[in-house]
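The values are calculated or read from the model by the stated rules, or taken from the named source; none is laboratory data. Every value quoted in this text rests on a predicted model; they were computed, and no experiment measured them. All Cβ positions, glycine included, derive from the backbone under ideal geometry; neighbour counts span all protein chains shown. What goes into the accessible areas is simple: the full protein's heavy atoms, side chains included, and nothing from ligands, DNA or RNA. Shrake-Rupley method; radii C 1.70, N 1.55, O 1.52, S 1.80 Å.
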Amino acid sequence: MRTGLTKQEKTTDIWFDEKDPLIHIRTHNTDLKKRLLAYSRRYPAICQQTDADPETGCMEFEVEKGRFSFRLTAPYSEERRERARQYAKKTMQLNR
């Protein structure tokens, strides 16, 4: 979708405070919008779409706290990357 916005202007904002039981999400990210929209349709009591701007492609949602998470992952070590490369090479050779 062409919106006239630059990639830098296509942001995702996630905000919440300690009092409000909801997390507020405002995003231009297509994958996140699709996932949140599907989730809101499947679980309307937990997640609602609150706004959409067809001109910019932005959508806003409210999600109950405890249903949205951030996952931080440790960086892979060089050893683990090398094992993954070797496994991928081996798998590709077997699939030929």
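For this structure, a couple of remarks:
- Values (1) 1.03; (2) 1.26; (3) 1.53 are given for comparison; Cα Rg over 2.2 N^0.38 Å, derived from the coordinates here, is the one labelled (3).
- The phi-based Karplus calculation (6.51 cos²θ - 1.76 cosθ + 1.60; θ = phi - 60°) puts the 3J(HN,Hα) values of segment 17-28 at 10, 6, 8, 5, x, 10, 9, 9, 10, 10, 9, 9 Hz, whole numbers, x for Gly and Pro.
- Of interest is the spacing of the C-alpha centroids, which for segment 46-96 and segment 30-44 amounts to 15 Å.
- Degrees, to the nearest 10: 30-42 long Cα axis against longest axis of the chain: 60
- If a spin label sat at a point 7 angstrom from the Cα of Q48 along the line to its beta carbon, the backbone N atoms of segment 1-35 nearer than 18 Å would be those of 15-17, 20-27.
- Against the chain, whose longest principal axis is taken from its Cα atoms, helix 78-94 shows a tilt of about 70°.
- Rounded to the nearest 20, the Cβ-based charge dipole of the chain about its Cα centre (Lys and Arg +1, Asp and Glu -1) stands at 980 debye.
- Exposure rank, largest accessible area first [F61, F68; 1.4 Å]: F68, F61
- Accessible surface of segment 16-71, 1.4 Å probe, proportion on carbon and sulfur as whole %: 48
- Computed about its Cα centre, the charge dipole of segment 52-96 is approximately 760 debye, with only Lys, Arg, Asp and Glu carrying charge at their Cβ.
- Global form of segment 44-83, assessed from the alpha-carbon gyration tensor, a/c cut-off 1.5: oblate
- Dipole-positive endmost among H24, T50, F70 within the chain (Cβ charges, Cα centre): F70
- Theoretical ellipticity at 222 nm over the chain - DSSP helices of four or more residues, -39500 (n - 2.57) apiece, nearest 500: -10000 deg cm²/dmol
- At a probe radius of 1.4 angstrom, the accessible area of segment 42-86 per residue rounds to 82 square angstrom.
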